[in-house]
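Every read-out reported here was derived from the displayed coordinates using simple, explicitly stated rules and does not represent laboratory data. Remember, it's a predicted structure, so these values are computed and weren't measured experimentally. Neighbour counts run over all protein chains shown; Cβ positions are idealised from the backbone, glycine included.
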Amino acid sequence: MNQYQETNQKPDFIYFHSKSVGEYKIFVHTHNLYELYLCVSDNINYIINGHHYELHKYDLVMTNKHEAHKPSTRTNGIYERKIIQFRKDFLKDIFIGEDHPMDLFDSRQSGHHNIIKSNDVLQYDLIHYFKEIDRFYGHPYPKSNTIMVKTLLLQLITQLNNIVHEHEHLQQKSLDQENELLWTIQKYIVNHMEQTITLDFLSEKYFINKYYLCHAFKKRFNMTILEYQHLQRLEKAKHLLLEGIPITQICYLVGFNDYSNFYKKFKRIVGLSPKQYVQNHVQIK
């Protein structure tokens, strides 16, 4: 295993491609280096800050120097991996720009978003950079080979940033679409409060899984669809009461099918009976 050395003789860049057979175990540990770990085997488990991952061939793991981690094998077969370890200063003489690519390692919540899945690794051809680094790293002289390794590492990290940003963009787009749909459903409930609106009905109308809709709506509005519908009906009922419309008529105008149910929900949520609500409002005026 070759190492490029700093003046204080501590390695600022290490690369190795290792293959072994049999069960592999190691203690949880940290490095004073950043690490890119490429799975070449299909039988690796990985722990990062207490989070457990089942890795597959060509999954890639990113860890910074503060994240405790441990690989292990699921079977006694071949354990093969390619590992890049480096210090931030290794790239300082070739990096130009305002946004440092190492923010990918340092700005993440510790122990989260460490894994780049194999489909992204293959799509962005990240294996190419490992192969090229392997080729140049084995011959650290002349000096141009060191520059090539640095350039390849910077390209690799830049591609990792591109993958992360693409996923963030897709997640934000999905979130925006979800919010737009929830507001559309919320508006429909308000404009059709006299109707009986069920999860099944909304699921069919808006082509969305009813269980997902139930969860997303409650997360967004802090109440279930039925609770929201009752709340809107009662808000409408309060306005109609103050307009002098008979209580028994209001009950059906806002979508309650029987007066008893309307009365109980009004008193439970508003804290007053319909009659008391009108009297209380008149006294305040």
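Values as computed for the structure displayed
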quantity	calculated
Charge dipole magnitude, Cβ of K and R +1, D and E -1 - region 193-285, Cα centre, debye nearest 20	360
For the chain, the longest site-free run once chymotrypsin sites (Phe, Trp or Tyr not before Pro) in DSSP loop states with at most 10 other Cβ atoms within 10 Å are removed	28-206
Crossing angle, helix 274-284 versus the chain [Cα axis fit, 0-90 degrees, rounded to tens]	90
Charge dipole of region 193-285 about the Cα centre (unit charges at C-beta), most positive-ward option of 280, 240, 260	280
About the Cα centre, charge dipole magnitude for the chain (Lys/Arg +1, Asp/Glu -1 at Cβ), debye	1080
Residue pairs, from the table 117/210; 19/150; 25/131; 82/150, whose Cα atoms sit over 19 Å apart	117/210; 19/150; 25/131
Computed label-point distance, nm, for sites residue 180 and residue 28 using a 7 Å Cα→Cβ extension	4.4
Exposed GluC sites (Glu not before Pro) absent: longest stretch of the chain, with sites in DSSP loops and at most 16 other Cβ within 10 Å deemed exposed	99-193
